[in-house]
Amino acid sequence: CERKRHLTDDGKAYAVDRIGDFMGRWMGRKEPLVRLYNRKRVQFRDTLVHEIPDVEAAQVVKLQGELLHYGFRSIGDHIRRFNRHTDLEAERLVAAGKPFRPLRLLFRPPARFLHKDFWQGFYRKGVPGLAVAVFWGLYEFLACLKHYELLRIRTKTKPQEETLKEGKAYAGAIH
């Protein structure tokens, strides 16, 4: 059994291929994600969205099989999560001192759409595939636009560094 064979290895973490569903269709290609790790030997990267174990690729053991990720609940839920994640992405860009680039706003959304739809083959998934590709283009557009908005707010009100770290700058500045 593969699990038993790896019990005595020197891996700090273990990755398995994940494939996600959207509107009843399995989307995209399999992506290896670290899902098991030694909590005494692995730290997490300090990120606002999707924390991941901070482990070198050489210390990750790839397991066979697939993890079926049933992440889709509804279009409304998907939009709510994208809205929250784009808020956090914009805050990350501001906290990192990244300048707003109009060309990024212009070119990155269609590039992401084309990458998902054609390069990753979502066009073969019908309406669900088209929706995912459009959502990823929208994600890029919203993240860039919110980044621009936060920078404008910051130049007017200068939010505190702690507020940015807590993920509240965007919501607090708007409401």
Problem - Those residues of the stretch 35-70 which are touching an Asp or Glu at 6+ places or on another chain (Cβ under 7 Å) and either without any contact (Cβ under 8 Å) to a residue 12 or more places away in the chain or within 14 Å of F135 (Cβ to Cβ) (or both), in sequence order - result: Q43, F44, R45
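Kindly indicate whether E140 is closer than 19 Å to L48 by Cβ and surrounded by 18 or more Cβ atoms within 10 Å (Cβ to Cβ).
Values: closer than 19 Å to L48 by Cβ: yes; surrounded by 18 or more Cβ atoms within 10 Å (Cβ to Cβ): yes.
Judged against the criteria, E140 is a match.
Conditions tested, residue by residue: (1) in contact with a Lys or Arg (Cβ under 9 Å, 6 or more places away or on another chain); (2) modelled with pLDDT of 85 or more.
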position	(1), (2)
L7	no, no
G20	no, yes
K30	yes, no
R35	yes, no
R45	no, no
I52	yes, no
V55	yes, no
Exercise for the section: Of the numbered conditions (1) of a type outside the set (G, A, S); (2) within 30 Å of E149 (Cα to Cα); (3) more than 15 Å from the chain's Cα centre (by Cα), V60 fails exactly one; give the number of that condition. Expected result: (2)
Exercise for the section: Go through the stretch 99-135 and give me each residue that's in contact with a Leu (Cβ under 9 Å, 6 or more places away or on another chain) and exposed (fewer than 14 other Cβ atoms within 10 Å of the Cβ). Expected result: P99, Y123
Problem - Close pairs from the stretch 75-104: first over 20 Å from W136 (Cβ atoms) and free of Cβ contacts under 8 Å to residues at least 24 places away in the same chain, partner open to solvent by less than 70 Å² (accessible area, probe 1.4 Å) and of a type in the set (S, T, Y), Cβ under 9 Å, at least 6 apart - result: none
Problem - Hits in the stretch 95-114 (condition: modelled with pLDDT under 95 and touching a helix residue (DSSP H, G or I) at 6+ places or on another chain (Cβ under 9 Å)) - result: A95
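Before we move on, is G76 at positive phi and either in a helix (DSSP H, G or I) or not charged (D, E, K, R) (or both)?
Values: at positive phi: no; either in a helix (DSSP H, G or I) or not charged (D, E, K, R) (or both): yes.
No.
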Practice task
Please verify whether the stretch 125-133 includes one or more residues that are under 30 Å from M23 (Cβ atoms) and either part of a loop (DSSP other than H, G, I, E, B) or without any contact (Cβ under 8 Å) to a residue 40 or more places away in the chain (or both).
Solution key: yes
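The values are calculated or read from the model by the stated rules, or taken from the named source; none is laboratory data. Note that this is a predicted model, so its numbers are computed, not measured. Glycine also receives a Cβ, built like all others from the backbone with ideal geometry; neighbour counts cover every protein chain displayed. These area figures cover heavy atoms from the full protein model, side chains too; ligands, DNA and RNA do not enter into them. Shrake-Rupley method; radii C 1.70, N 1.55, O 1.52, S 1.80 Å.
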